[in-house]
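Working notes for the structure below.
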């Protein structure tokens, strides 16, 4: 890696991490640390444990779904190694956005002999399908909750009585502005970008990469694939709902509230900020307070939603990373 590329990657990381920290501070502005500690003691941690189980099953279903894609291109990795690679993927993503995608492919190449570039195609298929499914969820949530969620795009008062202009806030407008500028720069300098060494090298792998992309059209059980996708997001939903149940101020809310927070919070998670720090809090917090939850309680439940998941990912990912060389001790390492 050249020094220039390293510097650009470092600056990009610092920028997005900085944006996340700013958003986190904005969400928790005025909140006393002592009140947060006191609020955390009000959670029923049996429900938090149940959310961990739901999230663990979501990772298992994701491993099963990815394995189906890999099998469609002629390879059959072990389910346990695939599952462990998914757990490590989430851990790596907390270090650097999208690092986990490369990491999981590297794990299966090392222990299962699946070509790296072919895997990248299947990973891209997964991400495209995840984005499409997220859009479907977003459309359903907006249609079913338009009377409430419409306050995100208009300066009207929400149920909580707090004046909300979510998508008209300066922070959100800055995000939109940055996206427009980025797209404009990519368009203007597209010819130079195509001549970069990295781009040329990437295009040299087009054959195997495209083979991975075509995997979705060669699935032996397309219905099972769709059902696993639904199961993944069903577990995400249950994990979110269980955290709501763990906190008295949100325990009696409609199940639709958990779906709304999950969907809009997921937008914050897909942005290139390490672990969704700040961005998840911004989207989830501004959503939950629309349903009558007080600002302080909204801050707490958002903090636990993200914090408990982060803690789980770190612990289970570290365990998976430690187990991998042990369970593959007798395997030939590629």
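Assorted remarks:
- Percentage of interatomic Cα-Cα distances in the range 50-95 larger than 14 Å: 53
- Listed by Cβ neighbour count within 10 Å, with the fewest neighbours leading, 80, 242 appear as 80, 242.
- Cβ-Cβ distance of residue 57 and residue 128, R₀ of 25 Å, FRET efficiency by 1/(1 + (r/R0)^6): the value works out to about 0.60.
- By the beta-carbon count within 10 Å of each Cβ, the least crowded to most crowded order of 37, 47, fewest first, is 37, 47.
- Taking N as its residue count, the alpha carbon Rg of the range 37-119 over 2.2 N^0.38 Å: 1.35
- Using the average count of surrounding beta-carbon atoms within 10 Å as a protection proxy, the listed peptides 245-256, 284-295 rank, highest first, as 284-295, 245-256.
- Summary of packing: across the peptides 85-94, 101-110, the per-residue average of other C-beta atoms within 10 Å ranks them, highest first, as 85-94, 101-110.
- Gained length - residue 21 relative to residue 136, 0.36 nm times residue gap less alpha-carbon distance: 38.5 nm
- Between residue 221 and residue 13, the modelled labels are 3.9 nm apart [label points 7 Å from Cα along Cα→Cβ].
- Listing 236, 75, 282 from fewest to most neighbouring C-beta atoms within 10 Å gives 75, 236, 282.
- Between residue 29 and residue 42, the contour length at 0.36 nm per residue exceeds the Cα-Cα span by 2.6 nm.
Here, each number is a calculation from the coordinates, and none is a lab measurement. The model shown is predicted, which means the values in this text are computed figures rather than measured ones. Every residue, glycine as well, gets a Cβ built from its backbone with ideal geometry; the counts of neighbours run over all protein chains shown.
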